Ligand SMILES: C[S@@+](CC[C@H](N)C(=O)[O-])C[C@H]1O[C@@H](n2cnc3c(N)ncnc32)[C@H](O)[C@@H]1O
């Protein structure tokens, strides 16, 4: 899917690549990409979930999720001002808009309190994070104990982005327990989907 934007994956993961122009072009081409809808459909969401989308882009995954998360809240976070503006504008007419918030921020400093999020996902965003360990530590901080984190990464034949094993390694190093790995297909692309749980360590008291 990203043929015009793939070149950016080779550049340092700093937000300068996600300027107004790149964000607008991305949203025009891929903002409603089917992987966003598929992720929402297959995430096992509940009406009461508190859902976080890290690197939400156009917000389309959250809009799809809002038809299932009918009582909880849906939060999109993105460090690119144009993405936050576009996601707000695109969502304004959605019946679930009152339960949605789009916040400016990167994975590395999530603007959310501890232990709040029941399901979190990052769709084609992880490989753009500037500090993956810090971002995953932040994800663990805001996700409730045993809450789920879903990472979706496009499979690029040229080797751009992350392989499934790399994502697993990052998740495990951060303390997530990886529960599932699958490949999802759309007409134009394939995606690794990793599902992880925010396990909590129980301290065993010694007598
Ligand atoms: C390829 S787009 C994917 C957008 C959306 N998730 C989708 O699939 O349509 C990558 C997104 O990651 C965001 N991003 C870049 N650096 C980030 C960071 N450090 N933390 C979170 N998101 C970031 C970009 O602003 C952009 O919206």
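Scan the range 49-75 for residues that are more than 16 Å from the ligand (Cβ to nearest atom) and touching a residue at least 40 places away in the same chain (Cβ under 8 Å) and report the count. Give the steps one after another, and end with the answer.
We begin by selecting, within the range 49-75, every residue more than 16 Å from the ligand (Cβ to nearest atom); these are 49-50, 67-73.
Keeping just the survivors that are touching a residue at least 40 places away in the same chain (Cβ under 8 Å) gives 49-50, 72.
Residues in the range 49-75 being more than 16 Å from the ligand (Cβ to nearest atom) and touching a residue at least 40 places away in the same chain (Cβ under 8 Å): 3 in total.
Go through the range 95-113 and count every residue that is more than 17 Å from the chain's Cα centre (by Cα) and crowded, with 17+ Cβ neighbours inside 10 Å.
Going through the range 95-113, the residues more than 17 Å from the chain's Cα centre (by Cα) turn out to be 95-99, 113.
Then keep just the ones that are crowded, with 17+ Cβ neighbours inside 10 Å; that gives 96, 99.
Adding up the residues that qualify gives 2.
So, of the residues in the range 112-139 that are assigned to a strand (DSSP E or B) and farther than 18 Å from residue 161 by Cβ, which turns out to be farthest from the ligand (Cβ to nearest atom)? Give the derivation first.
Start the filter on the range 112-139 by keeping residues that are assigned to a strand (DSSP E or B), which leaves 117-123.
Subset that is farther than 18 Å from residue 161 by Cβ: 117-120.
Numbers: 117: 14, 118: 19, 119: 15, 120: 12 Å.
Per the criteria, the residue is 118.
Can you tell me which residue is nearest to the ligand (Cβ to nearest atom) among those in the range 142-167 that are under 15 Å from the mean Cα position of the chain (by Cα) and not in a strand (DSSP E or B)?
Of the residues in the range 142-167, the ones under 15 Å from the mean Cα position of the chain (by Cα) are 142-143, 147-154, 161-162, 167.
If we keep only those that are not in a strand (DSSP E or B) as well, we get 142, 161-162, 167.
Numbers: 142: 13, 161: 9, 162: 13, 167: 15 Å.
Ranking the qualifying residues of the range 142-167, first place goes to 161.
Working only within the range 76-90, note down all residues that are within 10 Å of the ligand (Cβ to nearest atom) and more than 23 Å from residue 138 (Cβ to Cβ).
The answer is 86, and nothing else.
If I filter the range 97-107 for residues that are under 17 Å from residue 30 (Cα atoms), assigned to a loop (DSSP other than H, G, I, E, B) and touching a residue at least 12 places away in the same chain (Cβ under 8 Å), do I get at least one hit? Explain how you work it out, then say what you get.
Of the range 97-107, the ones under 17 Å from residue 30 (Cα atoms) are none.
No, the conditions are met nowhere in the range 97-107.
Just to confirm my filter: which helices (runs of 4 or more DSSP H) fall fully inside the range 17-88 and include at least 2 residues that are modelled with pLDDT of 95 or more and under 21 Å from residue 196 (Cα atoms)? If you could, list the steps in order and put the result at the bottom.
On the way: elements: 20-30, 34-42, 60-65.
Counting at least 2 such residues, we get 34-42, 60-65.
Tell me whether the range 140-153 contains one or more residues that are at pLDDT 95 or above and over 18 Å from residue 52 (Cα atoms). Reasoning before the result, please.
We begin by selecting, within the range 140-153, every residue at pLDDT 95 or above; these are 140-153.
Applying the additional criterion that residues be over 18 Å from residue 52 (Cα atoms) yields none.
Checked the range 140-153: no residue is at pLDDT 95 or above and over 18 Å from residue 52 (Cα atoms).
Would you check which residues across the range 20-48 are closer than 27 Å to residue 145 by Cβ and touching a helix residue (DSSP H, G or I) at 6+ places or on another chain (Cβ under 8 Å) and list them?
If we filter the range 20-48 for residues that are closer than 27 Å to residue 145 by Cβ, which is where we start, we get 39-48.
Listed by number, the residues that qualify are 39, 40, 41, 43, 45.
The values are calculated or read from the model by the stated rules, or taken from the named source; none is laboratory data. Keep in mind that this is a model prediction, so the values were computed, not measured. Cβ coordinates were reconstructed from backbone atoms using ideal geometry, including for glycine residues, and neighbour counts include every protein chain displayed.
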